[in-house]
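Shown next, in structure tokens, is the structure this report addresses.
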Amino acid sequence: MQTRASLLNGGWPACPVDLKHAIHRNGTYCRYGDTEEEEKSITVLRFRCYPCGHTISVLPDEMLPYRPLKAELVEGDFDTRSGDQPEEAELSEKESGCLKRAWHRFTQRLDALTSVLGQMMQIRASDAKLIWIQLRRLGNLRDILHLLGRKFKTSLLGDYRCLKPWPPRIPES
Ligand SMILES: [Zn+2]
């Protein structure tokens, strides 16, 4: 499964099934953090719960799952789309495309997001711009991702299976 660095306790993940399970470091893997500079790869730490036989990847807080975009860039772009201020950031064509797809994805996630976040805040809008403005009251995008991961095991742009805890192992009889 995948978690976020800010969700770790003391820099180390815990087994979602049994806190007593020993978790070991299990290498790293690289993913690209930037659409423009592909050599600027991001290192993702990987851990393994040996009793369960599952791995836990720890995504740096500035990253979104499965998107080659930094949280700050997405946050700035969504702020711009939700407000009236003109585009300020200088973006490459590739970044603009990725951000456009990210926003489009966000507009398709409104029902899912309002249903989970409705448990903790009043969301009165069904419009993507207004919902983004309400989400931003919770903090920056890192904070929003942290909250979605911690409380709801989900993310902003997708309810990815990798964010869900693995099920307990059924003992062999
Ligand atoms: Zn375990």
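Tabulated data for the structure shown
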{"read-out": "Hits in the stretch 11-22 - residues which are within 21 Å of Asp61 (Cα to Cα) and within 9 Å of the ligand (Cβ to nearest atom)", "value": "Ala14, Cys15, Pro16"}
{"read-out": "Some residue of the stretch 119-130 being within 14 Å of the chain's Cα centre (by Cα) and outside any loop (DSSP other than H, G, I, E, B)", "value": "no"}
{"read-out": "Where a residue in the stretch 82-96 is open to solvent by less than 90 Å² (accessible area, probe 1.4 Å) and its partner, wherever it lies, is modelled with pLDDT under 85, with Cβ under 6 Å and at least six apart", "value": "Ser92/Glu36; Glu95/Thr35"}
{"read-out": "Residue within the stretch 30-46 that is crowded, with 16+ Cβ neighbours inside 10 Å, on the phi < 0 side of the Ramachandran plot and within 16 Å of the ligand (Cβ to nearest atom) present", "value": "yes"}
{"read-out": "Flag if Arg101 is touching an Asp or Glu at 6+ places or on another chain (Cβ under 8 Å) and charged (D, E, K, R)", "value": "no"}
{"read-out": "Extreme residue, nearest to the ligand (Cβ to nearest atom), among residues of the stretch 148-173 that are open to solvent by less than 30 Å² (accessible area, probe 1.4 Å) and either within 16 Å of Glu72 (Cα to Cα) or of a type in the set (Phe, Trp, Tyr) (or both)", "value": "Trp166"}
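The values are calculated or read from the model by the stated rules, or taken from the named source; none is laboratory data. Just so it is clear, the structure is predicted and the values come from calculations on it, not from any experiment. We place every Cβ from the backbone using ideal geometry, glycine too, and count neighbours over all the protein chains shown. The area values use the complete protein model at the heavy-atom level, side chains included, leaving out ligands, DNA and RNA. Shrake-Rupley method; radii C 1.70, N 1.55, O 1.52, S 1.80 Å.
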